[in-house]
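Each value in this text was obtained by applying a stated rule to the coordinates, not by laboratory testing. Just so it is clear, the model here is predicted, and its values are computed rather than measured. Please note: Cβ atoms are built from the backbone with ideal geometry, for glycine as well, and neighbour counts cover all protein chains shown.
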Amino acid sequence: MNRNNTAKKRISVTAYLILVVLAIAVSSVVFLCVNYRRCSDYSFTQESFLDLRNWDKNSSPLILGKGWQFFPHELLTPEDVRRDARTFAATGVHEYDSYDNVEITRDGWLNLGSSYTLNQVSPDLESMSEFGAGTYHINLLFNYDVDYVTINLPDIAQSARIWCNGKSVRHYGIVSTDSDSYSPTEVCADIQLQPTETGHIDLIINCANFSSPYGGILSSPAVASTSSIEHIKDATRLYLAVVYVLLLGFLIGGFYISQTFDGKSKFYFFMLIFICELLFEQFSASVTLLPGTWNYLIQVTLLIFTNYWTFLYYASLYPKGTSKLFDKLHFFEMTFFSLLTAMYLLVYWCFPKFLYLQSSTLANFILVLITNLYCMARVFYMVRRHDHGHYLYTLSVLVTTFMHLAIFVRTQYYVSISLHALILLFFIMVYGSYFIMDYVKTFEELSFHNKNLESAVDEKTKYIAKVNQDLLKNHEKLLENEEARKKMLSNVSHDLRTPITAIRGYVELMLNAKEPLPRDQEVQYLKNIHTRSTQMEQLISDLVQLTRLESENDTLDKMPISVKEMVHDLYMLYHAECEGTDKQVLFEAPEDDDLLIDGDAKKLLRVFENIIVNAMKYTRENDIIRIICHRYDDPAMLGGNAVEVIVKDNGVGIPQNEVPYVFDRFYRAENSGINKTGSGLGLSIVKSIMDKHGGKIWAESEEGQGSEFHIVFRASEFNFDEEPEDEE
Ligand code: ADP
């Protein structure tokens with residue numbers, strides 16, 4: 001049953017994961033396709049055609065409007081410059097004498113400076129700076145013998161994509177550090193363009209900002225049409241707003257949800273990574289807030305931190321002691337990643353010039369790749385051994401890797417904000433739903449266990465209360481018993497000592513007599529001694545019987561007994577005793593019913609005799625004793641099938657307040673009379689016997705009016721008439 005459930009759960013989670021992976025794959029492909037736009041798909045802000053066939057390629061650079069420079073055939077390398085410098089030092093003459101202001105560009109090519117300009121201005125292109133951001137189409141026609149032209153774009157200060165003859169050739173994302181002394185050398189790489197065989201250069205410039213050292217927003221057409229920069233800005237803002245709102249919701253929800261988690265800190269840690277990713281997004285090449293190197297420095301710092309935190313996050317998923325292998329590696333890996341991070345940050349902060357080298361991106365890429373592959377390997381190794389967090393951890397390591405790498409994919413000119421943005425959005429949603437699903441599941445399990453726990457606690461509380469009550473009762477009973485035992489002991493010693501004292505008194509009288517006592521007095525004394533010793537004997541035999549009855553070893557020797565017969569025999573005995581006196585004993589019983597019960601004959605005889613003897617004892621000369629036997633049909637009494645014996649007299653009775661105590665040991669009512677001998681044990685013996693038989697006995701009495709003793713037994717199932725006949 002449980003196994004089935006677990007299997008089902010696994011299948012549903014696996015299906016969920018497959019869906020997520022499929023969705024990721026499909027959305028990635030879709031967005032890659034959507035993002036792939038040919039340059040001809042743009043709508044253009046400005047289009048112009050410039051015929052440069054008459055331009056002499058050996059003359060100075062051609063400057064188009066706001067600093068658009070073309071240098072045909074001049075692909076100089078740093079080596080050329082160094083050689084030129086050596087020539088100049090040796091001969092005092094420049095090898096390339098037309099290039100005085102030579103500088104090395106960030107791509108390692110040369111910027112030939114602006115010292116040689118030819119103000120051949122194209123009125124159409126000049127309007128680019130007026131229009132500002134937008135997409136410009138420039139069709140240039142060169143002479144057939146122009147193999148290359150080098151283009152500098154000093155006025156495009158930020159974020160541009162350039163296509164040449166349908167091929168993407170450059171993506172700018174860097175601005176100058178210093179807005180006042182704006183230096184084109186840092187902004188514009190020399191871009192080499194190759195005309196077609198017919199001498200055409202079809203140039204498309206998708207430009208986010210013009211002539212400003214501050215950043216603009218460059219977006220691919222997937223986010224908005226590039227025809228209007230306002231739309232792009234709006235779309236980007238909208239996207240960022242959505243991401244941040246989602247993140248905020250996720251953060252607030254996660255905060256509350258995480259209250260119920262054990263690993264709260266991990267949630268916050270993960271959120272931190274997410275925020276870093278977002279900040280990275282915010283400061284990435286597409287959306288620039290700070291100028292130049294600072295911007296890039298922040299990006300790199302965030303990237304490195306994100307990377308480091310990612311590693312720490314995955315290292316924290318399985319605490320120490322879960323795996324021997326990673327326990328051993330722990331120190332090494334911490335040191336390795338810490339040093340690597342420190343080194344990277346040091347290089348980037350101390351030698352910012354490195355930022356202009358393409359190799360830095362590659363280095364970042366390799367670092368991130370190493371971290372992510374290592375984290376992946378770690379998580380995959382662990383999830384195989386520990387069930388805990390299985391899917392969440394696998395998913396998160398995949399997402400993080402994917403997100404990290406997506407940044408680098410984007411920096412490689414082709415994919416811009418929209419793809420990354422949508423992937424991020426998608427993952428935030430996937431994560432959100434995963435956390436919520438996990439939370440709901442945990443919450444449901446928790447409330448289920450809570451309920452169980454509550455009812456278990458209730459049950460136990462009730463049970464404890466009951467046990468407590470029983471204990472209290474037992475305690476009271478024990479106290480009562482102790483009291484009764486003390487009372488009994490004093491009663492026994494008193495009741496035994498009284499006859500002994502009397503006997504000793506008579507014996508002493510007889511022994512100490514100086515003269516022989518007259519015979520009748522002697523007889524009287526001996527009679528008294530006899531009575532007292534009989535009384536003592538009775539008391540001792542009663543005590544023995546009571547003790548025996550109360551011991552667990554005393555069993556009943558049960559057999560079917562006719563109550564009518566037994567009581568009738570006793571009646572006959574006492575009826576005869578009363579002959580010649582005014583006392584009367586009467587007997588009533590149904591004629592056709594033997595009134596059978598199951599009981600111990602000897603003990604039952606004691607019950608009936610004791611009650612009848614008491615009645616005889618506590619009645620006066622003219623009183624009447626009635627003995628009534630009958631069936632008792634009241635369903636409330638022993639299930640309605642009972643036999644009752646009532647012994648009723650109109651004797652001295654018992655005071656009302658003493659009736660409940662007459663069955664107690666040694667209890668004798670005040671009016672029982674000093675001359676009526678008795679130990680007060682008879683009725684307690686009767687009560688014990690009745691209890692053993694599962695019967696009931698009670699007394700009803702009024703002082704001076706008489707008493708009624710009711711004895712009720714369960715009737716026997718046995719029927720003499722149905723007794724099977726002996727087999728012949
Ligand atoms: P005792 O040996 O004193 O008769 P029992 O246990 O037989 O002891 O009776 C307890 C007390 O109940 C008696 O002392 C007496 O006061 C009272 N009692 C019992 N039967 C009767 C009765 N039929 N009429 C009046 N009092 C009775």
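Note the full-extension length gain between Glu717 and Leu472 as 0.36 nm times their separation in residues minus their Cα-Cα distance, in nm to one decimal.
The Glu717-Leu472 span can extend by a further 84.2 nm.
With a Förster radius of 56 Å applied to the C-beta separation of Phe88 and Leu373, the computed FRET efficiency comes to 0.65. Maximal additional length on extending the Arg620-Arg384 stretch stands at 74.9 nm, based on 0.36 nm per residue less the C-alpha distance. In terms of other Cβ atoms within 10 Å, Ser316, Ser447 run from fewest to most in the order Ser447, Ser316. Backbone phi angles across the stretch 444-455, fed through the Karplus curve with coefficients 6.51, -1.76 and 1.60 (θ = phi - 60°), yield HN-Hα couplings of 4, 4, 5, 5, 5, 5, 4, 4, 4, 5, 4, 5 Hz in residue order; Gly and Pro are listed as x.
In this simple spin-label approximation, Ala636 and Tyr144 carry label points 7 Å from Cα along the Cα→Cβ vector, and these lie 13.2 nm apart.
Each residue of the stretch 314-325 is assigned a 3J(HN,Hα), and the resulting list reads 5, 5, 7, 4, 10, x, 3, x, 7, 9, 5, 4 Hz, derived from the Karplus form 6.51 cos²θ - 1.76 cosθ + 1.60 (θ = phi - 60°), x at Gly and Pro.
Could you work out how much longer the chain between Glu579 and Met510 gets when fully extended? Use 0.36 nm per residue separation minus the Cα distance between them, nm to one decimal.
21.1 nm
Taking amide H as placed 1.01 Å from N in the peptide plane, Phe587 has its amide H under 5 Å from the amide H of Ile627, each at least 5 places away in sequence or on another chain. The amide H of Ala642, built 1.01 Å from its N in the peptide plane, has Tyr632, Ala715 as neighbours under 5 Å, considering only residues 5 or more places off or on other chains.
Peptide packing for 528-534, 513-519 was compared via the average number of neighbouring C-beta atoms within 10 Å per residue; ordered from the highest value, the list is 528-534, 513-519.
When each of Leu539, Leu453 is scored by the number of other beta-carbon atoms lying within 10 Å, the sequence from fewest to most is Leu453, Leu539. The distance from the alpha carbon centre of the stretch 440-493 to that of the stretch 499-534 is 60 Å, rounded to a whole number.
Applying the Karplus relation 6.51 cos²θ - 1.76 cosθ + 1.60 with θ = phi - 60° to the stretch 638-646 yields 3J(HN,Hα) values of 6, x, x, 10, 9, 10, 10, 10, 10 Hz, where x marks Gly and Pro.
When each of the peptides 639-651, 658-670 is scored by how many other beta carbons lie within 10 Å of its residues on average, the order from highest to lowest is 639-651, 658-670. For Leu681, the residues whose modelled amide H falls within less than 5 Å of its own, excluding neighbours fewer than 5 places apart on the same chain, are Phe666.
Rank the residues Lys460, Lys558, Lys583, Lys696 as a footprinting-exposure proxy: fewest other Cβ atoms within 10 Å of their Cβ go first.
Lys460, Lys558, Lys696, Lys583
Quick check on my link table: of Lys603/Lys696; Lys564/Lys603; Lys583/Lys648; Lys564/Lys602; Lys473/Lys687, which ones sit more than 18 Å apart, alpha carbon to alpha carbon? Cα-Cα > 18 Å for Lys473/Lys687; rest within.
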